[in-house]
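The values are calculated or read from the model by the stated rules, or taken from the named source; none is laboratory data. Since the structure is predicted, the reported quantities are computational estimates derived from the model, not experimental observations. Every residue, glycine among them, receives a Cβ derived from its backbone with ideal geometry; neighbour counts consider all protein chains shown.
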Amino acid sequence: MRVFINGFGRIGRSVLRAWAERPEAWPGLVIVGINDIAAPDMCAYLFSYDSTFGPWRGTVELWEGALVVNGHVLPLHRLADISSLDLAGVDVVLECTGRADTAEVAGRGLQAGARRVLVSGPSAAAEVTVVLGANEGMLRDQRIVSNASCTTNALAPLVRLLDQDWGVETGSMTTIHCYTGSQPTVDAPAADFARSRAAALSMVPTTTSAQRLLDR
């Protein structure tokens with residue numbers, strides 16, 4: 001399976017790290033390229049020094065427009081829209097930009113020639129939303145698939161078991177989430193007053209798409 005990563009942020013870098021650390025654990029899978037609007041040297045730096053997982057213990061270098069990780073040469077592209085790329089022969093575009101909520105954006109990988117797109121988060125454009133351990137049996141020949149949200153991935157398998165064995169009529173859930181890149185590190189103006197406060201010093205009530213996604 002030939003995989004192209006669109007969006008080299010938290011999820012995109014984590015996918016590459018998991019694959020490059022133990023490629024033998026992913027037989028038949030090869031990552032063939034990366035796209036991100038960040039500069040190549042920044043992509044290499046953020047992959048090399050990860051605040052969550054620690055420093056990369058393998059090799060990383062830039063060579064003729066490519067990121068070379070443990071000897072794997074991965075062409076780097078710097079486009080806001082990947083539909084102009086030639087992705088013929090790519091089996092799956094991992095859509096990790098966090099911006100693929102419309103059919104136009106989510107479908108850009110297909111326009112570029114890839115066979116399928118897997119969106120790393122919730123997407124209204126997805127033909128099916130799949131959570132392993134909950135509803136992977138729904139996966140057929142859909143071309144745009146969503147892997148749902150982190151909260152939904154934590155909740156859906158448990159709800160499935162409860163519903164199968166006893167039945168679920170109503171429910172209530174609470175999720176506690178780390179702060180994200182959309183929150184300021186110091187107090188700053190924001191459309192949402194709660195989100196204007198310094199992230200590390202605040203507990204911010206917010207919404208989740210988990211309830212909507214569970215219905216799918």
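Odds and ends about this structure:
- Among the residues of segment 143-164, some residue qualifies, meaning at least one is acidic (D, E), on the phi < 0 side of the Ramachandran plot and modelled with pLDDT of 90 or more.
- Of the residues making up segment 183-215, those that are hydrophobic (A, V, I, L, M, F, W, C) and either under 19 Å from D101 (Cα atoms) or in the same structural domain as A125 (by TED's automatic domain parsing) (or both) are A210, L213, L214.
- Single match in L213, L155 (criterion: in contact with a Pro (Cβ under 7 Å, 6 or more places away or on another chain), surrounded by 13 or more Cβ atoms within 10 Å (Cβ to Cβ) and not in a loop (DSSP other than H, G, I, E, B)): L213
- T174 within 17 Å of R212 (Cβ to Cβ), surrounded by fewer than 15 Cβ atoms within 10 Å (Cβ to Cβ) and not assigned by TED's automatic domain parsing to the domain that holds L94: yes
- Among the residues of segment 36-47, the one identified as surrounded by 14 or more Cβ atoms within 10 Å (Cβ to Cβ) and more than 19 Å from the chain's Cα centre (by Cα) is P40.
- Within segment 179-210, the set of residues being in a loop (DSSP other than H, G, I, E, B) and of a type in the set (G, A, S) comprises G181, S182, A188, A190, A191, A198, S202, S209.
- Here segment 139-179 is the region considered, the condition is being touching a residue at least 12 places away in the same chain (Cβ under 8 Å) and of a type in the set (S, T, Y), and the residue that is nearest to S51 (Cα to Cα) is Y179.
- All positions within segment 165-206 that are under 24 Å from the mean Cα position of the chain (by Cα), at pLDDT below 90 and among the hydroxyl-bearing types (S, T, Y): T174, T175, Y179, T180, S182, T206
- Residue within segment 107-124 that is aliphatic (A, V, I, L, M) and at pLDDT below 95 present: yes
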